[in-house]
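Input: a single structure, listed below in structure tokens.
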């Protein structure tokens with residue numbers, strides 16, 4: 001299989017235009033057409049219907065998209081793995097939800113690199129569901145999440161917790177002022193969202209919905225609003241008077257978990273890394289509270 005055929009197929013399926021695909025791939029249009037014909041001969045079915053000014057995927061072409069993306073992703077992982085520097089013995093693929101990257105994970109990467117110099121680190125940001133799928137498929141070594149999957153083939157370790165506080169840009173604000181001030185909904189997982197729904201006496205439509213606390217923080221500072229954010233992230237803004245605690249609200253906390261496959265080939269190595277994550281969460285720059 002020529003990987004270039006799949007890349008060409010995905011580009012044509014994205015642009016729906018042979019000429020634009022050729023420009024993006026730095027090929028001639030005839031070369032793109034030839035590659036698509038080669039791939040169609042290889043799979044034995046047409047992948048596109050070609051009409052004047054209208055290129056459409058066939059049902060077979062639609063089904064091939066996901067397989068092509070998976071093959072290219074696996075190939076990229078293989079290249080990265082075999083291309084690891086000689087002094088580095090293995091690669092760590094560390095995944096996490098976006099909210100944990102901007103409040104914790106990105107700050108501990110230098111320490112992980114220093115403590116495990118023989119490991120090359122690759123990061124992934126994705127949803128809980130996609131991280132779980134990657135763990136099961138073996139495309140991910142460790143996932144750091146808030147809502148851990150309850151699957152027999154996965155092992156979960158609690159590494160700490162994040163304390164969340166309700167803050168806004170206006171002093172003296174109360175929970176009941178959320179609709180007037182403008183509520184920013186930060187997704188902190190299913191369990192938190194269920195409790196959060198009971199906070200307001202009536203449903204409040206958010207002016208912004210995000211999975212990243214950093215985006216919510218910048219929104220509050222520049223535009224204004226109210227949101228649940230990590231205490232460690234907003235502490236300095238509260239001290240400076242740029243943000244204020246909302247009256248009548250109670251802090252909430254979310255446990256943070258590291259998840260890996262029970263059948264991982266490098267389980268002892270991954271366990272050591274997870275143990276280090278438990279230690280690093282005690283450090284101020286980690287934005288996590290001690291367990």
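Once Rh is set to the Kirkwood radius over Cα pairs, what Stokes-Einstein translational diffusion coefficient, in µm²/s, holds for segment 3-82 at a temperature of 4 °C and a viscosity of 1.567 mPa s? Write out the running numbers ahead of the final one.
Values: Rh = 12.9 Å.
Estimated via Stokes-Einstein, D reaches 100 µm²/s.
Its Cα gyration tensor gives the chain an equivalent ellipsoid; the semi-axes, largest first and in whole Å, are 42, 28, 17.
For a footprinting-style exposure proxy, rank 157, 167, 145 by other Cβ within 10 Å, fewest first.
Details: 157 16, 167 26, 145 23.
Fewest-to-most Cβ neighbours within 10 Å comes out as 157, 145, 167.
Each part gets one Cα centre, and for segment 210-230 versus segment 121-139 those centres are 26 Å apart. Each residue in 245, 260, 56, 226 was given a count of other beta-carbon atoms within 10 angstrom of its own, and listing them fewest first yields 56, 245, 260, 226. Dividing the summed helix terms, -39500 (n - 2.57) for each DSSP H run of n ≥ 4, by the number of residues in the chain produces a 222 nm estimate of -13000 deg cm²/dmol to the nearest 500.
Can you sort 209, 244 by how many other beta carbons sit within 10 Å, fewest first?
Ascending number of Cβ neighbours within 10 Å: 209, 244.
Considering all C-alpha pairs of segment 1-50, those separated by over 18 Å amount to 17%.
What do you get for Rg/Rh over segment 195-276 if you use C-alpha atoms and the Kirkwood form of Rh?
With Rg and the Kirkwood Rh in hand, the quotient comes to 1.12.
Taken along its principal axes, the alpha carbon cloud of segment 62-195 reaches lengths of 58, 44, 29 Å, longest axis first. Ellipsoid fit via the Cα gyration tensor, segment 121-280: semi-axes of 34, 16, 13 Å, each the root of five times an eigenvalue, largest first.
Here, each number is a calculation from the coordinates, and none is a lab measurement. This is a predicted model, so every value here is computed, not measured. Methodologically, a virtual Cβ is constructed for each residue, glycine included, from the backbone with ideal geometry; neighbour enumeration extends over all protein chains shown.
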